[in-house]
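Trainee: Structure in structure tokens, see below.
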Amino acid sequence: MSISKSNAARLGHILAEALHSCENIEQRKGVLIAREAIQDALERDCQRSDADWARYCAFMQRFDERLSCLEPINPV
């Protein structure tokens, strides 16, 4: 997948926001399917270079961080 590290992170952020804004389970399922497809595509590229691994990590980290902020497991 041809994408920069910053755009991969931005995409993770956008998908977390989209997941949070879903109004029902079917919508959430669709967003998670899209996230898995992107994750798989980035993961396949990880075997080629360190830059590919950095993009994969940026995507996953930003998604997890943003979702944790929007939907904390242990709200304060």
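Bear in mind that the values in this text are calculations on the coordinates, not laboratory data. This one's a predicted model, so the numbers in the text were calculated from it and none came from an experiment. For neighbour counting, all protein chains shown are included, and Cβ atoms are generated from backbone atoms with ideal geometry for every residue, glycine included.
Trainee: Once the Cα gyration tensor of the chain is diagonalised, what are the square roots of 5 times its eigenvalues, in whole Å and ordered largest first, as equivalent ellipsoid semi-axes?
Mentor: After scaling each eigenvalue by five and taking roots: 24, 14, 9 Å.
Trainee: When the Cα centres of region 45-76 and region 1-42 are compared, how far apart do they sit, in Å?
Mentor: Computed from Cα coordinates, the inter-centre distance equals 10 Å.
Trainee: Nothing charged except the Cβ atoms of Lys and Arg (+1) and of Asp and Glu (-1): what's the magnitude of the dipole of the chain about its Cα centre? Round to the nearest 20 debye.
Mentor: Numbers: 10 positive and 12 negative charges, 35 e Å.
The dipole magnitude comes to about 160 debye.
Trainee: Under the definition of Cα pairs under 8 Å and six or more residues apart, what whole-number percent is the relative contact order of the chain?
Mentor: 49 percent
Trainee: Related question: Under the rule of -39500 (n - 2.57) per DSSP H run of 4 or more residues, summed and divided by the residues of the chain, what mean residue ellipticity at 222 nm is obtained, to the nearest 500 deg cm²/dmol?
Mentor: Numbers: 3 runs with 59 residues, N = 76.
Only helices count here, giving -26500 deg cm²/dmol.
Trainee: So for the chain, taking the charge dipole from beta-carbon charges (+1 Lys/Arg, -1 Asp/Glu), which of 58, 72, 34 sits furthest toward the positive end?
Mentor: Towards the positive end, the residue furthest out is 58.
Trainee: Among the trypsin sites (Lys or Arg not before Pro) in region 19-76, which ones are in a DSSP loop with at most 14 other Cβ atoms within 10 Å of the Cβ? Mind listing them?
Mentor: 48
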